[in-house]
Amino acid sequence: MNISITPPLSTPPIPRANVISFTIKAFKGRRNVEVHLFRSAWDPNEENSLDWDSLLGAPIEPERNDPSGSRKIVLEAFTDQERDSIINYLKDQYSTRITSIHSMSMDYPIPLGLPALSDAQEGKNIGFIDFAKIPSYPLEIPIKGLYDLSQHKPIVDG
């Protein structure tokens with residue numbers, strides 16, 4: 001299993017700055033499915049205590065200036081300690097099913113108008129893995145994983 005953690009180029013303004021993804025060898029009839037992890041719940045006090053003016057930047061497009069998705073992106077991210085716990089859990093629990101785990105730090109400020117992972121709409125190809133529903137999930141970090149099967153080749157063509 002390949003594990004890569006890309007450190008930030010500079011110290012992030014808040015500890016919650018890491019994103020994580022991993023690749024599953026085979027999942028729901030597809031091969032090498034990439035799953036993007038995110039924190040699925042957070043303390044409202046934390047949300048209210050953040051200096052959003054310094055964490056959020058200019059919109060990605062003038063007409064896309066809603067801050068709600070960009071705020072969620074910040075809150076969905078992980079601290080270094082959470083990142084390490086999640087990576088160790090994935091490595092220990094799924095070593096035979098996962099081919100790679102990648103983590104990197106987000107660049108601040110986060111542009112306005114970005115969609116949060118939690119805002120994705122489930123459908124035929126897009127779905128979520130809710131780790132809290134897995135009986136053996138030991139972490140107190142509420143995480144979900146977003147996947148899009150349409151981005152990956154079927155195991156059996158035809």
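The values are calculated or read from the model by the stated rules, or taken from the named source; none is laboratory data. Quick caveat, the model's predicted, so the values are computed rather than measured. A quick note on method: Cβ atoms are made from the backbone with ideal geometry, for glycine too, and the neighbour counts reach across all protein chains shown. Surface accessibility is based on the protein's heavy atoms, side chains included, excluding ligands, DNA and RNA. Shrake-Rupley method; radii C 1.70, N 1.55, O 1.52, S 1.80 Å.
Out of (1) in a helix (DSSP H, G or I); (2) more than 17 Å from the chain's Cα centre (by Cα), the odd one out for S70 is which?
If we test S70 against (1) in a helix (DSSP H, G or I); (2) more than 17 Å from the chain's Cα centre (by Cα), just (2) comes out false.
Would you check which residues across region 86-116 are touching a Phe, Trp or Tyr at 6+ places or on another chain (Cβ under 9 Å) and either open to solvent by less than 60 Å² (accessible area, probe 1.4 Å) or assigned to a strand (DSSP E or B) (or both) and list them? Lay out the reasoning, then the answer.
Filtering region 86-116 down to residues touching a Phe, Trp or Tyr at 6+ places or on another chain (Cβ under 9 Å) leaves 86-87, 89-90, 93-94, 97-103, 116.
Selection gives I86, I87, Y89, L90, Y94, I98, T99, S100, I101, H102, S103, A116.
Being over 14 Å from S100 (Cβ atoms) and of a type in the set (G, A, S) is the filter here, so list the residues in region 1-25 that pass it.
Residues of region 1-25 over 14 Å from S100 (Cβ atoms): 7-19.
Those that are over 14 Å from S100 (Cβ atoms) and of a type in the set (G, A, S): S10, A17.
Mind listing whichever residues of region 1-29 are crowded, with 18+ Cβ neighbours inside 10 Å and part of a loop (DSSP other than H, G, I, E, B)?
Our first condition is that a residue be crowded, with 18+ Cβ neighbours inside 10 Å; within region 1-29, this holds for 12, 16-20, 22-24, 27.
Selection gives P12, R16, A17.
Among all residue pairs at least 6 apart or on different chains, which show Cβ distances below 8 Å where the first residue, located in region 42-65, is within 19 Å of P13 (Cβ to Cβ) and the second is open to solvent by 80 Å² or more (accessible area, probe 1.4 Å) and of a type in the set (F, W, Y)?
Partner pairs satisfying both residue conditions: none exist.
If the Cβ limit is 6 Å and pairs must be 6+ apart or interchain, which residue in region 78-100 that is within 20 Å of I14 (Cα to Cα) pairs with which residue that is of a type outside the set (A, V, I, L, M, F, W, C) and outside any helix (DSSP H, G or I)?
Final answer for the pair search is F78/N18; T79/P15; T79/R16; R83/N18; R83/S103.
Could you grab me the full set of residues in region 121-153 that are open to solvent by 30 Å² or more (accessible area, probe 1.4 Å), under 21 Å from R16 (Cα atoms), in a loop (DSSP other than H, G, I, E, B) and among the hydrophobic types (A, V, I, L, M, F, W, C)?
L139
Looking only at region 30-66, which residues are under 19 Å from the mean Cα position of the chain (by Cα), surrounded by 14 or more Cβ atoms within 10 Å (Cβ to Cβ) and over 16 Å from L117 (Cβ atoms)?
Across region 30-66, the qualifying residues are N32, L55, L56.
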